[in-house]
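Structure record follows, encoded as structure tokens.
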């Protein structure tokens, strides 16, 4: 005979299992909610663990705007595009392969930057220069880097006036042919692994600050 707890009540032998299931379900819900709260507290967003965007200190903050895309050939004839460099920090500057004053100084400052970096850190960065002189040849670009003893593996990108002028404009590089050297805006951009402009550094920047920003992006500070 069934043992009941009143008219219309659930039989006791069925009631106890039902209560047990309800309690177990409540415990699961509480544990899951606590886990979500812990994740939110630790990561700022539920269940997502993401490395915070590094804060760079070495130059003018470019607020992470997408860097203008480019595709040009370097001094060896190889095609180089910003898209292909995604995943690596990029140091982008602008040079003239026949320059005798301003551009050699830029290379020297890049060389000084490597003194604050390991060889692996240097190799993990993409060092890129876009020419400000459409008349530069591959041999001139190679000779310029050799003459100025570039300590970083610079990809010196060349192109025609039609290819280069939109890039100068997009990167706010003023270019004016002079009597000897091409007069142009001198400095560099630090572009992060996602292709975003992070900082602009004027010529005469602090090499240690550039090294620090690159190490911050590489996660090797």
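Here are a few things to note about the model shown:
Residue by residue, here is whether (1) in contact with a helix residue (DSSP H, G or I) (Cβ under 7 Å, 6 or more places away or on another chain); (2) closer than 17 Å to residue 175 by Cβ; (3) surrounded by fewer than 18 Cβ atoms within 10 Å (Cβ to Cβ); (4) modelled with pLDDT of 95 or more holds:
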{"position": "96", "(1), (2), (3), (4)": "yes, yes, no, yes"}
{"position": "103", "(1), (2), (3), (4)": "no, yes, no, yes"}
{"position": "107", "(1), (2), (3), (4)": "no, no, no, yes"}
{"position": "112", "(1), (2), (3), (4)": "yes, no, yes, yes"}
{"position": "125", "(1), (2), (3), (4)": "yes, no, no, yes"}
{"position": "130", "(1), (2), (3), (4)": "yes, yes, no, yes"}
{"position": "136", "(1), (2), (3), (4)": "no, yes, no, yes"}
{"position": "139", "(1), (2), (3), (4)": "no, no, yes, yes"}
{"position": "145", "(1), (2), (3), (4)": "no, no, no, yes"}
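- Any hit, region 82-94, residues being part of a helix (DSSP H, G or I), surrounded by 11 or more Cβ atoms within 10 Å (Cβ to Cβ) and either modelled with pLDDT of 50 or more or more than 19 Å from the chain's Cα centre (by Cα) (or both): yes
- Scanning region 72-81 for residues that are assigned to a strand (DSSP E or B) and touching a residue at least 12 places away in the same chain (Cβ under 8 Å), we see that the one that is surrounded by the most Cβ atoms within 10 Å (Cβ to Cβ) is 72.
The values are calculated or read from the model by the stated rules, or taken from the named source; none is laboratory data. As the structure is a computational prediction, the values presented were derived from the model and not from experiment. When we count neighbours, we look across all protein chains shown, and the Cβ atoms used for this are built from the backbone with ideal geometry, even at glycine.
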